[in-house]
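This report refers to the structure that appears directly beneath it.
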Amino acid sequence: MIRLDSLTKVFDTPKGAVVAADHISMEVPAGEICILLGPSGCGKTTTLKMINRIVRPTSGKVFINGDDTTGMDTQTLRRNIGYVIQQIGLFPNMTIEENITVVPRLLGWDKARYRERARELMAMIALEPDAFLKRYPSELSGGQQQRIGVARALAADPPVMLMDEPFGAIDPINRAVIQDEFLKMQQALNKTIMFVSHDIDEAIKMGDRIAIFREGRLVQYDTPDDLLTAPKDAFVESFLGEDRALKRLNLVKVREIVSDEIGSVTPSDTLETALARIDDFGYSNAILMVNDKRQPAGIVSRSVARTTKGYCRDHFQSVPAAVHLDDDLRKVASLMFAHDITWLPCVDDDGRVCGQITQRAITSHLGSRYRARQAADATAAKE
Amino acid sequence: MELIQYAFDNIDLLASRTLEHIALVGVAVGLATLTGVPIGIAITRNERLARSVLYAASIIITIPSIALFGIMIPILSLIGHGIGYVPAVIAVLLYSQLPIIRNTYTAINNVNPALREAARGIGMSPNQRLRMVEIPLAVPVIMAGVRTAVVLNIGVMAIAAYIGAGGLGTFISRGISQSDPRQLIVGAVAVSLLAIIVDYSLLALQKRLTPKGMERAASTA
């Protein structure tokens with residue numbers, strides 16, 4: 001848990017005092033990722049760096065797991081907070097092993113223990129220990145270096161991590177991969193994380209909560225979904241973008257709105273049966289054909305079923321696409337647009353059909369939040 | 001031919017003078033490194049102090065060596081060392097300050113700010129930062145300063161022969177006073193060769209001392 005209480009930073013400049021962070025109060029619950037988001041110069045980085053005193057607060061307090069850090073020794077405080085920066089900052093004179101064990105060594109761990117830890121960490125970030133531990137940072141790619149940067153921050157297993165645009169300097173393809181890996185790691189590690197970003201998409205993807213900053217003030221602090229449905233003011237709205245409703249597609253998994261009711265036929269059914277099923281289920285165009293393992297095998301269209309006689313196995317078209325239960329709605333919508341269809345079969349881990357997802361279900365799910373909000377507003381207006 | 005013959009005939013003397021020369025410069029630059037590196041590190045903490053120290057060191061290096069020896073004679077005579085070994089070593093010590101202090105200061109100051117922030121952020125104390133990160137990264141540039149000091153002062157030390165410090169300069173001073181071009185040229189060539197050989201040896205040492213992971217970066221610099 002990280003709690004900030006009226007944290008303030010005033011910089012004295014030749015042009016007078018500049019308030020970089022103005023009475024920031026917020027709390028990140030244990031095990032959550034909080035994204036500090038905002039345009040440059042909004043105070044998000046200053047706020048982050050006051051937590052480990054890279055920037056010394058002018059006033060206010062920082063609590064970590066309920067303890068006031070004000071009286072703590074700076075070095076001890078920092079050794080108990082993982083710190084990842086955009087420029088990575090691996091020490092070029094040290095091997096990868098020396099880099100990732102630097103905090104344990106500062107803490108005085110014995111050799112056997114920190115060497116063992118180095119191997120554990122490498123396994124965690126999916127880099128082969130024997131291939132990498134003895135190499136130097138300059139021999140690694142940018143993405144590999146940032147993985148090492150994350151491993152270094154995790155080395156002494158700190159409960160709290162601060163990350164300052166950690167994936168900002170990595171190319172988009174690798175960035176997405178590292179983000180996914182990091183989220184997977186976080187599921188197991190449950191660190192309490194403050195994460196600075198200026199990328200709204202990254203914030204939505206990574207954050208359990210998002211804090212929007214503007215000119216040194218915390219404007220809005222909410223879950224991504226609440227933020228996107230109910231931006232507090234015009235600034236937040238414009239920062240989130242005109243397409244903010246679409247961004248919510250990223251937040252919802254197929255699992256949440258899948259309908260397990262799906263009519264299907266097998267290859268040995270007749271087209272007559274297929275037509276009957278299409279009518280029974282009220283489908284307008286076609287019905288899914290599954291094989292004996294219940295995997296999607298094809299589509300039998302209504303027009304074929306009506307005008308032709310025979311078996312489904314001889315008169316089907318290929319399945320345009322299927323989505324997995326853990327895919328997000330953004331992928332679903334994209335596939336629907338690409339194939340000009342309004343529904344898609346959903347499959348589980350074994351590739352077996354377990355339901356369907358329709359365009360209507362998507363719009364209805366996304367819309368429910370807005371409807372609930374309008375209703376609440378209407379009630380509030382009456383009172 | 002005559003020169004080579006002379007050099008061979010006096011090979012023992014030449015060797016002992018060369019060793020004497022190396023010992024003088026070695027002791028003086030060694031002491032200068034022991035003072036210059038800590039001074040160079042210390043002044044990175046205070047910019048105004050850094051400016052004054054570097055300014056003072058620059059002034060010292062502009063004093064002609066003959067003049068410096070002249071100044072030291074009456075001062076050091078007070079402790080009975082007006083000429084000879086002591087003033088020679090002191091002169092070289094002073095001349096070495098600028099290259100060593102300046103290179104140390106620049107090298108430490110130029111350590112990538114991101115590395116410094118990373119070092120602070122993971123909880124290194126200022127001394128740990130110096131020992132584990134800043135000094136290892138600064139070693140190549142500091143060594144380059146030491147090399148400059150050594151090469152510069154192999155020349156200065158040749159002049160110290162005039163105040164009786166010994167070394168290869170003795171050949172030159174005798175060559176001039178005895179109008180013997182053989183001694184003069186052998187002395188001059190020996191000083192030049194020594195400077196070149198020592199410079200390359202120190203370059204090799206510098207490469208050995210450069211942290212392994214930085215070799216690629218250092219070779220392109």
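Of note:
- Mean Kyte hydropathy of 0.0 or more with a Cα span along the axis of at least 20 Å, helices from DSSP in chain B: B:11-42, B:47-62, B:85-109, B:135-159, B:181-209
- Reported value for segment B:1-219: 138 Å³ per residue, from the convex hull of its C-alpha atoms.
- Per-atom-type breakdown for segment A:6-123 gives carbon and sulfur 48% of the accessible area (1.4 Å probe, protein chains only).
- Calculated mean residue ellipticity, 222 nm, chain B: -26500 deg cm²/dmol, from DSSP H runs (n ≥ 4) at -39500 (n - 2.57) each, averaged per residue and rounded to 500.
- Straight-line cross-link reach from A:Lys382 at under 29 Å between alpha-carbon atoms covers these lysines, not counting any fewer than eight positions away in the same chain: A:Lys232.
- Taking every alpha-carbon pair under 8 Å whose residues sit at least 6 apart, chain A reaches a relative contact order of 15 percent.
- Per-residue shielding of A:63-75, expressed as the average number of other chain Cβ atoms within 10 Å of the residue Cβ, stands at 1.
- Among the trypsin sites (Lys or Arg not before Pro) in segment B:113-177, none is located in a DSSP loop while being surrounded by at most 10 other Cβ atoms within 10 Å of its own Cβ.
- You can think of it this way: the chain between A:Ser238 and A:Gln295 has 16.1 nm of extra reach, that is 0.36 nm per residue less the Cα-Cα gap.
- Segment B:1-219 - accessible surface per residue (Å², probe 1.4 Å): 50
- Burial here means at least 50 square angstrom less accessible surface with every protein chain in place than with the chain by itself, probed at 1.4 Å; in segment A:133-172 the buried residues are A:Tyr136, A:Ser138.
- Interface burial in segment A:77-93 reaches 20 Å² or more for A:Arg78, A:Arg79, A:Tyr83, A:Ile85, A:Gln87, A:Gly89, A:Phe91, A:Pro92, A:Asn93, comparing the full protein assembly with the chain by itself; accessible area from heavy atoms with a 1.4 Å probe.
- Surface share of carbon and sulfur [accessible, 1.4 angstrom probe, percent] for segment B:1-219: 67
- Across the protein chains, with a 1.4 Å probe defining accessible surface, the residues A:Asp328, A:Asp110 rank A:Asp110, A:Asp328 from largest area downward.
- With every protein chain in place and a 1.4 angstrom probe, the accessible-area ranking of A:Tyr370, A:Tyr114, largest first, reads A:Tyr370, A:Tyr114.
- Partner chain coverage, peptide B:121-134 - average Cβ within 10 angstrom: 6
- Segment A:1-77, relative contact order in percent, only Cα pairs under 8 angstrom and at least six apart counted: 38
- Classification of chain A by its C-alpha gyration tensor yields an oblate form. The axis ratio a/c (a ≥ b ≥ c) is 1.5 or more, and b/c is at least a/b.
- Heavy atoms of A:Ile257 accessible to a 1.4 Å probe, total area in Å² rounded to 10: 20
- Surface share of carbon and sulfur [accessible, 1.4 angstrom probe, percent] for segment A:255-294: 43
- Rel. contact order, % - alpha carbon contacts under 8 angstrom, at least six apart, segment B:1-219: 26
- Computed [θ] at 222 nm, deg cm²/dmol, chain A (DSSP H ≥ 4; -39,500 (n - 2.57); rounded to nearest 500): -11500 deg cm²/dmol
- Helix A:329-339 and the longest principal axis of the C-alpha atoms of chain A enclose an angle of approximately 40°.
- Buried solvent-accessible surface, both chains (A, B), 1.4 Å probe, Å² to nearest 100: 2000
- Comparing B:Ile73, B:Ile22, B:Ile61 in a Gaussian network model of chain B (Cα springs below 10 Å), the most mobile by mean-square fluctuation is B:Ile73.
- Most mobile of B:Leu78, B:Leu31, B:Leu19 in a GNM of chain B (Cα contacts under 10 Å): B:Leu78
- By accessible area with a 1.4 Å probe, ligands and nucleic acids excluded, highest first: order of B:Lys207, A:Lys44: B:Lys207, A:Lys44
- Here segment B:15-29 and segment B:193-212 have alpha carbon centers that stand 17 Å from each other.
- Of the trypsin sites (Lys or Arg not before Pro) found in segment A:161-246, the ones in coil according to DSSP and having at most 14 other Cβ atoms within 10 Å of their Cβ are A:Lys232.
- Accessible surface for A:Cys354 stands near 40 Å², nearest 10, in the context of the full protein assembly shown (1.4 Å probe).
- Members of A:Lys49/A:Lys134; A:Lys44/A:Lys205; A:Lys49/A:Lys205; A:Lys49/A:Lys184; A:Lys49/B:Lys212; A:Lys184/A:Lys253 lying beyond 21 Å, as alpha-carbon distances in this model show: A:Lys49/A:Lys134; A:Lys49/A:Lys205; A:Lys49/A:Lys184; A:Lys49/B:Lys212
- For chain A, the solvent-accessible area with a 1.4 angstrom probe is 47 square angstrom per residue.
- GNM result for chain A, Cα springs below 10 Å: residue of A:Asn80, A:Asn93, A:Asn65 fluctuating most strongly: A:Asn93
The values are calculated or read from the model by the stated rules, or taken from the named source; none is laboratory data. Quick caveat: nothing in here was measured; it's all calculated off a predicted structure. In this analysis, Cβ positions are derived from the backbone assuming ideal geometry, glycine residues included, and neighbour counts consider all displayed protein chains. Only protein heavy atoms, including side chains, enter the accessible area calculation; ligands, DNA and RNA are left aside. Shrake-Rupley method; radii C 1.70, N 1.55, O 1.52, S 1.80 Å.
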